[in-house]
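Participant: Before anything else, here's the structure in question.
Just so you know, all these numbers are worked out from the coordinates, no wet-lab data involved. In this text, all values refer to a predicted model and were calculated from it rather than measured experimentally. Reconstructed Cβ throughout: ideal geometry from the backbone, glycine too, with neighbour counts over all protein chains shown.
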Amino acid sequence: MNEAVYILIIIILGGMVLWMWFRKRSPGVAKPASAESSSGQKQTIIEKQEEKQQENIKKIIEFLETRDKVANNDIEKLLSVSNATAERYLAELEKEGILKQVGKIGKNVYYTKI
């Protein structure tokens, strides 16, 4: 009789542990990641990335005030970003009508302010 009680207790405890483990792993329970902003408000990571992107675009526009033309490599060095990121920023500015691309591919491609 004592053995049956011990086995039953072990099964119940094991079931509770498994239930808690699976409950933690379910996708609906996860909380969104957040970071503390300088103003003390919580920001999601996506909002923080969008804010950084807007800051970088402003830096590009300010950089263009001092130059007639700018190349992808200039933006990479200015912002310490990858080639693909620099291309995305420049493409966005071109789409907004702020920049004009001169050239199609290669080293001779540069952008001028409209």
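Participant: I want to check the label-to-label distance for Gln54 and Lys69. Put each point 7 Å from Cα in the C-beta direction and report it in nm to one decimal.
Facilitator: For Gln54 paired with Lys69, the spin-label model returns 3.2 nm.
Participant: Considering only Lys48, Lys100, Lys24, give the residue with the highest GNM mean-square fluctuation for the chain, with springs between Cα atoms whenever their separation is below 10 Å.
Facilitator: Lys24
Participant: Cα-Cα pairs above 18 Å in segment 45-113: how many percent? Mind dumping the intermediate values first?
Facilitator: Details: 720 of 2346 pairs.
Across segment 45-113, Cα pairs with separations above 18 Å total 31 percent.
Participant: Quote the FRET efficiency, to the nearest 0.05, computed for Gln43 versus Val109 with a Förster distance R0 of 35 Å and r equal to the Cβ-Cβ distance.
Facilitator: Details: r = 35 Å, r/R0 = 1.00.
Taking R0 as 35 Å, the efficiency between Gln43 and Val109 is 0.50.
Participant: Here's something else I'd like to know. Averaging sequence separations of C-alpha pairs under 8 Å and six or more residues apart, then dividing by the length of the chain, give the relative contact order as a whole percent.
Facilitator: Numbers: 74 pairs, mean separation 17.8, N = 114.
Once divided by the residue count of the chain, the mean separation gives 16 percent.
Participant: In terms of Cα to Cα distance under 18 Å, which lysines are near enough to Lys113, apart from those fewer than 8 places away along the same chain?
Facilitator: Lys58, Lys59, Lys69, Lys95, Lys100, Lys104
Participant: Which of Leu13, Leu78, Leu64 moves the most in a Gaussian network model of the chain with Cα springs under 10 Å?
Facilitator: Leu13
Participant: Set the Förster radius R0 to 22 Å, insert the Cβ-Cβ distance between Lys100 and Glu62 as r into 1/(1 + (r/R0)^6), and round the FRET efficiency to 0.05. Don't skip to the answer; put the middle values down first.
Facilitator: Details: r = 18 Å, r/R0 = 0.82.
Calculated transfer efficiency: 0.75.
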